[in-house]
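Following: one structure in structure tokens, then a few remarks.
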Amino acid sequence: MKQKQSTQTDHKPESESFRNQHDSSQHPSMTEGPRMPGPRPKRGVPEGLWLKCNGCRSTIYRKEAEEMLNVCPQCGFHWYVSAKQRIEQLFDPGTFEEWDGGLLPTDPLTFSDKKPYAKRIVSEQKRTGLSDAALTGTGMIRARRVACGVTDSSFIMGSMGSVVGERLARLIERATTESLPLIIISASGGGARMHEGILSLMQMAKVSAALARYSESGGLFISVLTNPTMGGVAASFASLGDLVFAEPRALIGFAGPRTIKATIRVELPAGFQTSEFLLEHGFIDRIISRQNLKSEIARAIDYCGG
Amino acid sequence: MARGLHRLPLEKPIYELEDKIADLETAPLGQQAQEEVQQLRRECADLQKQIFGNLDPWQTVEVARHPNRPKTSDYLSLVFDEFVELHGDKAFGDDPAMLTGFAKIDRHKVLVVGHQKGKTLAEKQACHFGCAHPEGYRKAMGKMRLAAKYGLPVICLIDTPGAYPGIGAEERGQAQVIAESMFLMASLKVPIICVVIGEGGSGGALGIGVGDRVAVLEHAYYSVISPEGCAGILWKSAEFKADAARALRMRAWDLKEFGVIDKVIDEPRGGAHRDPRLMAARLKTFLERTLKDLVSLPIEKLVENRYDKFRRMGAFLED
């Protein structure tokens with residue numbers, strides 16, 4: 001169902017730092033600790049010198065946090081990073097080359113809830129400077145060439161619609177033919193994107209099928225789970241890594257905590273669906289903090305014959 | 001004709017007419033009364049066609065969830081010559097929400113995998129109303145590997161509101177098993193036929209839904225999320241479930257239009273629950289024909305076609 005693009009959307013990237021701070025109110029750690037009275041507290045201070053940590057709520061000097069790759073120097077909480085920031089953090093400078101940036105979302109269902117999906121796409125694109133929730137391409141991680149995909153939780157909750165699915169499938173196929181190690185870093189609270197209906201669900205099968213072929217060809221897939229990785233993303237490529245790494249204290253799971261609570265009507269245990277919870281239950285290989293991610297990916301590639 | 005205990009509001013006019021016919025038939029019928037009954041029967045048939053030919057999306061969901069709708073266990077006895085149940089995931093337990101076993105159909109030996117909702121309250125509770133746990137998907141995967149080893153085609157009957165959302169399910173890797181199951185099915189070296197017989201609820205459905213042919217019964221649905229779930233997130237209230245059902249385009253012919261399924265299997269007049277035998281006969285015909293087609297293909301070709309089939313799904317613009 002490929003169509004020619006008719007209107008070029010206006011891509012105006014905003015500041016890449018904390019302006020698009022992701023809504024992490026779902027994170028379990030958000031329910032702990034003191035809450036400010038009245039309306040929802042501001043997440044960070046957009047233009048200022050100081051930030052408020054979402055994890056420990058202490059006030060942090062912005063520059064210090066940025067030097068720490070958006071990790072709180074007080075409590076080690078890992079804040080949102082955009083897909084572009086992630087690429088900057090992970091790749092050797094100037095080596096990343098984007099693939100399939102020309103794929104753009106459409107509105108196959110003419111879906112409309114409170115807002116038409118077609119309008120939502122345009123406003124999300126303007127707000128985030130991204131064309132959809134995943135960036136894919138190739139680059140060097142400590143001089144090792146890899147194929148890499150990154151999802152960005154600020155674009156419709158990082159959900160997977162047809163563009164995310166297609167970009168990832170093409171990425172995986174190219175990694176297969178070019179025999180490249182594959183890294184996918186997930187930040188998707190939204191799972192499969194509702195606005196594209198059944199087509200979004202089918203992206204889970206499509207990407208998983210591409211990974212099956214990649215695996216048969218002997219390729220190494222490292223899946224990195226970051227806050228949040230839920231629903232159809234967790235239940236497809238994110239869980240299929242030969243190695244599965246997670247950043248500390250990320251929310252990771254199949255069903256959303258609210259859905260579970262509404263179904264079983266029991267308070268959820270502390271730390272439920274966090275990286276640490278998954279490690280304890282045997283579903284991830286390692287928890288790796290952001291500062292070490294680059295070197296640990298490189299190390300894993302070396303072990304697996306990259 | 002099967003007369004269930006449960007009547008949907010949309011079925012009320014049909015049952016009223018049928019009650020009227022039944023009343024007339026209690027007394028011995030004269031010539032004139034017989035003609036009247038004949039006429040009423042024709043009207044009733046027309047009414048069923050009219051109502052079930054114009055279900056709105058939410059009504060389709062109601063029919064797909066109809067308590068009397070035939071379930072996997074019904075089709076096991078009505079479609080297959082034999083069913084030999086196989087239990088357990090060899091790791092944690094035996095999830096009754098996922099039925100697996102050997103079966104025979106038209107001289108083919110096959111493996112059947114199907115969601116089970118249960119009939120009595122006790123069964124329904126044991127099956128969590130058709131919501132499987134990770135051990136259910138692990139059981140399905142284990143049996144599918146067995147089928148591949150011995151060349152048995154796999155038939156999946158999908159009927160679930162979704163994979164179970166609970167603490168234990170998360171602890172035992174609900175996301176992991178659904179991902180692994182799709183990964184396995186994508187390259188399983190035997191034919192796979194999937195049929196959504198009632199509810200095709202999200203990842204829980206797709207977890208046994210990657211096949212060479214995917215069919216959907218006329219009044220079944222298949223969706224990325226339940227209409228209630230979608231309404232809760234996007235409309236901020238489950239009361240908008242009918243709006244969500246409409247927006248999600250989750251009905252059989254929508255799915256066909258999007259290229260997600262291969263075939264819509266017609267239901268008997270008034271829905272599958274009005275005539276489970278006829279429904280089963282149609283399902284059987286579909287399965288027999290499809291099996292015949294698929295077993296004649298070389299297995300490498302089959303797996304390649306399966307890959308291409310899912311690879312093509314999606315809608316996007318390209319510069």
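The values are calculated or read from the model by the stated rules, or taken from the named source; none is laboratory data. Since this is a predicted model, take the numbers as computed values, not measurements. When we count neighbours, we look across all protein chains shown, and the Cβ atoms used for this are built from the backbone with ideal geometry, even at glycine.
Here are the numbers:
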quantity: In region B:92-130, the residues that are in contact with a helix residue (DSSP H, G or I) (Cβ under 6 Å, 6 or more places away or on another chain), among the aliphatic types (A, V, I, L, M) and more than 22 Å from B:Val190 (Cα to Cα); calculated: B:Ala97
quantity: Restricting region B:216-254 to residues that are part of a loop (DSSP other than H, G, I, E, B) and not hydroxyl-bearing (Ser, Thr, Tyr), the residue that is surrounded by the fewest Cβ atoms within 10 Å (Cβ to Cβ); calculated: B:Lys236
quantity: Qualifying residue in region A:267-290 (condition: assigned to a helix (DSSP H, G or I), in contact with a helix residue (DSSP H, G or I) (Cβ under 9 Å, 6 or more places away or on another chain) and more than 12 Å from chain B (Cβ to nearest Cβ)); calculated: yes
quantity: Matching residues, region B:230-279, being within 22 Å of A:Lys206 (Cβ to Cβ) and within 8 Å of chain A (Cβ to nearest Cβ); calculated: B:Cys230, B:Leu248, B:Arg249, B:Met250, B:Asp254, B:Leu255, B:Phe258, B:Gly259, B:Val260
quantity: Condition met for B:Ile192 (at the interface with chain A (Cβ under 7 Å from one of its Cβ atoms) and either of a type in the set (Val, Ile, Thr) or under 11 Å from the mean Cα position of the chain (by Cα) (or both)); calculated: no
quantity: Residue list for region B:89-127, filter: under 16 Å from B:Gly204 (Cβ atoms) and hydroxyl-bearing (Ser, Thr, Tyr); calculated: B:Thr100
quantity: Residue list for region A:134-165, filter: assigned to a loop (DSSP other than H, G, I, E, B), over 15 Å from A:Leu103 (Cβ atoms) and of a type in the set (A, V, I, L, M, F, W, C); calculated: A:Ala143
quantity: Residue tally, condition basic (Lys, Arg) and over 13 Å from B:Glu135 (Cβ atoms), over region B:146-179; calculated: 1
quantity: Flag if B:Ala148 is part of a helix (DSSP H, G or I), hydrophobic (A, V, I, L, M, F, W, C) and farther than 27 Å from B:Lys104 by Cβ; calculated: no
quantity: Qualifying residue in region B:160-177 (condition: touching a residue at least 24 places away in the same chain (Cβ under 8 Å), out of contact with any His (no Cβ under 6 Å at 6 or more places or on another chain) and more than 10 Å from chain A (Cβ to nearest Cβ)); calculated: yes
quantity: Among the residues listed as A:Gly161, A:Gly197, A:Gly190, the single one being within 21 Å of B:Ile178 (Cβ to Cβ) and at pLDDT below 95; calculated: A:Gly190
quantity: Failed criterion for B:Ser77 (all others in (1) buried (at least 22 other Cβ atoms within 10 Å of the Cβ); (2) of a type in the set (S, T, N, Q); (3) farther than 29 Å from A:Gly191 by Cα hold); calculated: (1)
quantity: Tally of residues being buried (at least 24 other Cβ atoms within 10 Å of the Cβ), closer than 21 Å to A:Thr138 by Cβ and of a type in the set (Gly, Ala, Ser) across region A:167-189; calculated: 4
quantity: Given (1) out of contact with any Lys or Arg (no Cβ under 7 Å at 6 or more places or on another chain); (2) more than 24 Å from A:Ser239 (Cβ to Cβ), number of the condition B:Met182 does not satisfy; calculated: (2)
quantity: Counted residues, region A:95-119 - those being buried (at least 19 other Cβ atoms within 10 Å of the Cβ) and more than 30 Å from A:Glu296 (Cα to Cα); calculated: 9
quantity: Single residue of region A:190-232 satisfying the filter (within 11 Å of another protein chain (Cβ to nearest Cβ) and touching a Pro at 6+ places or on another chain (Cβ under 7 Å)) that is surrounded by the most Cβ atoms within 10 Å (Cβ to Cβ); calculated: A:Glu196
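Matching residues to (1) of a type in the set (Gly, Ala, Ser); (2) not assigned by TED's automatic domain parsing to the domain that holds B:Phe129:
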position	(1), (2)
B:Ala22	yes, yes
B:Ala27	yes, yes
B:Gln32	no, yes
B:Glu35	no, yes
B:Gln38	no, yes
B:Arg42	no, yes
B:Leu47	no, yes
B:Thr72	no, no
